[in-house]
1. Find the residue count for the stretch 246-305, including only residues that are among the acidic types (Asp, Glu), in a loop (DSSP other than H, G, I, E, B) and surrounded by 19 or more Cβ atoms within 10 Å (Cβ to Cβ).
2. So the check is Cβ under 6 Å with 6+ separation or different chains; which pairs have a first residue in the stretch 358-379 that's polar (S, T, N, Q) and a second one that's at pLDDT below 90 and part of a helix (DSSP H, G or I)?
3. Only one of (1) at pLDDT below 90; (2) open to solvent by 50 Å² or more (accessible area, probe 1.4 Å) fails for Ala129. Which number is that?
4. Would you call Ala225 modelled with pLDDT under 90, in a helix (DSSP H, G or I), open to solvent by less than 10 Å² (accessible area, probe 1.4 Å) and closer than 29 Å to Val308 by Cα?
5. Looking only at the stretch 152-167, filter to residues that are assigned to a helix (DSSP H, G or I) and small (Gly, Ala, Ser); which one of those is surrounded by the most Cβ atoms within 10 Å (Cβ to Cβ)?
Amino acid sequence: MKTKDVGAMRETRGNSRYFFLVIVFLFWFSSYIYVPVLSPYVEHLGASYIMVGMVLGVYGLMQILFRLPIGIGSDYLNRRRPFIYLGLIASGVSCLLFMWGAQPGWALVARAVSGIAASAWVVYSVMFAGYFPKEEAGKAMGMLQFTTVIAQLTSMMISGYMVEHWGWNAPFLIGGIVAFGALLLALRLPEQRPEKRESAVKIKDLTAVMKEPLLVRVSLLSVLAHCVLFITMFGYTPIQALNIGASKESLGILTLAFMVPHAVATLYGSRFFGKLLGDRGTLILGFTGSAVFTFLIPSMPSLAALCVTQIGNGFMQGLIFPLLLGKSVSGVAPYKRATAMGFYQAVYAIGMSGGPFVAGWISGVYGLEGGFWLGAVAAAFAAVLSWFWMRDRIE
């Protein structure tokens with residue numbers, strides 16, 4: 001192939017990457033614009049802590065049910081675009097359902113549909129990785145994770161302000177508009193065929209992927225990581241902030257305190273600490289630090305003090321996620337990556353579902369601090385597992 005052709009191919013691939021990242025940004029923007037106010041909103045509707053936990057937890061439950069089938073289906077059909085469309089449509093519909101009725105039951109249904117939307121992230125992750133050579137999978141996941149964090153930060157920063165000035169439905173309305181706008185852009189995406197195969201992928205080959213020891217280990221560690229995340233920033237921390245006198249508008253400050261260091265750690269932290277401490281040391285640092293900051297949340301007397309715990313938690317969790325995400329598909333053939341990613345994301349969704357649900361039950365019995373203590377224990381346990389499971393560098 002001529003040098004000019006190679007250069008043109010690289011330029012086309014680069015343009016496709018950035019166009020895809022725009023869609024990724026809009027996808028997560030629509031999905032997270034209401035997250036900081038979700039638990040206060042459900043509580044505002046008259047729900048108990050247990051019901052709040054159910055609404056928060058059903059998001060992960062739907063991903064447990066749908067992520068792996070979507071990954072297998074994408075690999076089996078050798079197609080990506082239909083599942084990209086599915087995610088955007090479901091994200092928009094979930095926002096509309098939140099607006100449909102001001103009752104906890106409707107909130108439960110709407111959050112379940114948003115869980116289906118997030119299930120399509122399996123294919124987003126694999127499709128973006130397909131724009132890179134196999135040896136750059138870590139770089140691809142870092143860019144994807146960074147875009148996700150920026151989208152979450154941007155959307156979550158404005159949700160409290162919107163509710164304070166325009167009412168509870170404003171974030172849901174904007175989220176729906178953004179999702180359907182992103183769908184129009186996604187119609188321009190070219191289909192991505194992972195690779196030409198002599199025969200159709202066999203189900204037995206896909207099930208073998210799910211038995212890979214490294215994939216299983218990082219998936220279980222990710223369960224605990226997401227358990228902590230969805231108990232804290234994406235769960236009960238906003239309620240804790242309101243309980244100590246913060247306004248709805250100031251929830252944007254709380255979000256900023258978490259998401260900025262999280263974004264920095266996602267893009268740079270894991271690389272720096274990976275070289276300094278190795279993969280095992282980075283995971284132990286991230287989980288141990290997250291355990292400490294989560295444990296301190298209920299004892300913080302003011303919003304400023306609470307923000308300090310969020311700065312620490314955001315950074316520590318930012319060390320963890322890119323490392324685990326990048327290794328979930330390393331060493332897996334391209335035409336099996338959606339299955340590996342589907343397994344990884346379906347397993348860690350157990351933490352997204354079970355964490356806030358159990359925390360809601362514990363909070364109903366022992367008070368809100370009980371849920372945060374559960375998150376701290378989960379992070380500490382993950383640090384111990386990292387010590388025993390990650391003796392060798394994850395390659």
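The values are calculated or read from the model by the stated rules, or taken from the named source; none is laboratory data. In this text, all values refer to a predicted model and were calculated from it rather than measured experimentally. Every residue, glycine as well, gets a Cβ built from its backbone with ideal geometry; the counts of neighbours run over all protein chains shown. Just so you know, the surface numbers come from the protein's heavy atoms only, side chains and all, with ligands and any DNA or RNA stripped out. Shrake-Rupley method; radii C 1.70, N 1.55, O 1.52, S 1.80 Å.
1. Summing the residues that are among the acidic types (Asp, Glu), in a loop (DSSP other than H, G, I, E, B) and surrounded by 19 or more Cβ atoms within 10 Å (Cβ to Cβ) in the stretch 246-305 gives 0.
2. Final answer for the pair search is Ser363/Tyr49.
3. All conditions are met except number (2).
4. Answer is no for this residue.
5. Applying the first criterion (assigned to a helix (DSSP H, G or I)) to the stretch 152-167 yields 152-166.
Adding the requirement that they be small (Gly, Ala, Ser) leaves 155, 159-160.
On the way: Ser155: 25, Ser159: 28, Gly160: 25.
Selected residue: Ser159.
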